[in-house]
Each structure stands twice: as C-alpha cells, then as structure tokens.
Amino acid sequence: MLSITVNKTRCIGSGDCVETAPGVFQLDDEGKSQVVNPTGAADSSIVAAARSCPVKAITVVDGDTQLYPIPKK
Ligand code: SF4
C-alpha cells in the first residue's frame, strides 16, 4: 500500500487529484484535498493524481521509495 500525504497548507483545492483518482482523494469541508482511501485506485493512477497537482501538494511513498515528487539526487 502506498503512503499518500496531502499538504493542506499548500493545497489550493483545484480538484485535479479528485478528478484523476476520485476513489482516493476527496475535498474536505474546507475545500482541501484529503485521502479517503489509499487503495482506492491503481498505484499508477495515484502517482498520476499527484503529478496532476498544480502546487505539488501530494507526496506518494512506496515503502522506502518516494514515487512523487521524484527526489533530487
Ligand atoms: S490537485 Fe493539489 S491543489 Fe488540487 S485539490 Fe488536489 S492536492 Fe489540492
């Protein structure tokens, strides 16, 4: 299972992540994205949702590997 976090301070509520993976992300009462089900979509769709975020508020980690944003070496 992926570890998915949304930086709500950074989130501007654009809804792109919800559109890409509605089974995983939903907007909360304040219009900020939250993770409702970390297994609600294929891993590739979750990474695509993170990539779709205009303000890079979503971090996706698989075990010891950060999938998005791609860590700088
Ligand atoms: S795509 Fe980014 S800014 Fe838009 S709702 Fe999702 S986390 Fe927030």
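No value in this document is a laboratory result; all are computed from the given coordinates. The model shown is predicted, which means the values in this text are computed figures rather than measured ones. We place every Cβ from the backbone using ideal geometry, glycine too, and count neighbours over all the protein chains shown.
Things to note:
- Couplings for segment 52-62, taken from phi via the Karplus curve 6.51 cos²θ - 1.76 cosθ + 1.60 with θ = phi - 60°, read 6, 5, x, 10, 6, 8, 10, 10, 10, 10, 10 Hz in order; Gly and Pro are left as x.
- Going from the residue with the fewest nearby Cβ atoms within 10 Å to the one with the most, Ser44, Ser3, Ser14 rank Ser44, Ser3, Ser14.
- Reduced Cα scattering model of segment 3-68, Debye log10 I(q)/I(0), q = 0.12, 0.26 Å⁻¹: -0.23, -1.14
- Simple label model, 7 Å out from Cα along Cβ direction - Thr65 to Glu30, nm: 3.4
- The mean sequence distance of close C-alpha pairs (under 8 Å, at least 6 residues apart), as a share of the length of the chain, puts its relative contact order at 36 percent.
- Only DSSP H runs of four or more residues enter the estimate; each adds -39500 (n - 2.57), and after division by the residues of the chain the mean residue ellipticity at 222 nm equals -5500 deg cm²/dmol.
- Straight-line cross-link reach from Lys56 at under 17 Å between alpha-carbon atoms covers these aspartates and glutamates, not counting any fewer than eight positions away in the same chain: Asp16, Glu19.
- Spin-label model, Thr5 to Lys73: label points 7 Å out along the Cα-to-beta-carbon direction sit 2.4 nm apart.
- Residue order, fewest to most beta carbons within 10 Å, for Ile70, Ile58, Ile12: Ile70, Ile12, Ile58
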